[in-house]
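Some notes on the structure that comes next.
Quick note: the coordinates plus some simple rules give every number you see, no bench work behind them. Here the structure is a predicted model, which means the values were calculated and not measured. All Cβ positions, glycine included, derive from the backbone under ideal geometry; neighbour counts span all protein chains shown.
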Amino acid sequence: MAEEVKFSRGLTGSCIVLLQPGLFCNITSSANHEMAFKSKTVESKTVLFNLLLCLVIFYSLFYMIGSVCFGAFRLDHFDGLIPFDFKTEPAESNSKYLVNLLALELTYFCSGLLFAAVVRRRVWDYALTVTFLHVMITSLVMLEFPMVWQWWLALGSGLFLMICNGQLIAYFTCQSDQSYASFSIY
């Protein structure tokens, strides 16, 4: 049988005493069930708009940084597949591989900073989603799933950079905003 129990600070609850020793309680707050998680919900249109904006930022940066790297390494042929090229032979002596790697890492680093300016919170969520979409688009463009471990390692380290930079920038720029969720909620 459940019994109604009053606790201090306006908490009420129902407790069930079992045949075995022990007591199970359901404690609720009398203040309309307000818990520690106080976050605003965002509309789907806003999320999709931010995601589209993040994708445009990501690929624009990728092509800009890739073209600068191609020029800096004085390569002859700039192909439009630079964001999707995982088939280039990974070697220190291969300039095209180094350009692809450098462009990937710099793009992820800079994207995290710009994502923080666009979305202001949950940069990690947009970073993961953009990376997942990038892997899917890469598979479609190259007509095969990337199996090169060096590419995955570069992608993972770039994603780590993007999340860390973006979240730190978002945290420090929105620190005075009362509605910004602190790290304790994550």
Let me make sure I get this right: for segment 44-173, a, b and c are the square roots of the gyration tensor eigenvalues over alpha carbons, sorted descending. Under 1.5 in a/c it's rounded, otherwise prolate if a/b > b/c, else oblate. Which is it? prolate
So for each of 127-137, 99-109 I average, over its residues, the number of other beta carbons within 10 Å; can you give me the resulting order with the highest mean first? 99-109, 127-137
Return the whole-Å distance between the Cα centroid of segment 40-108 and the Cα centroid of segment 142-160. 12
Based on the mean of other Cβ atoms within 10 Å per residue, sort peptides 84-92, 61-69 so the most packed one is first. 61-69, 84-92
Segment 78-127 - convex hull of the alpha-carbon atoms, volume per residue in Å³: 92
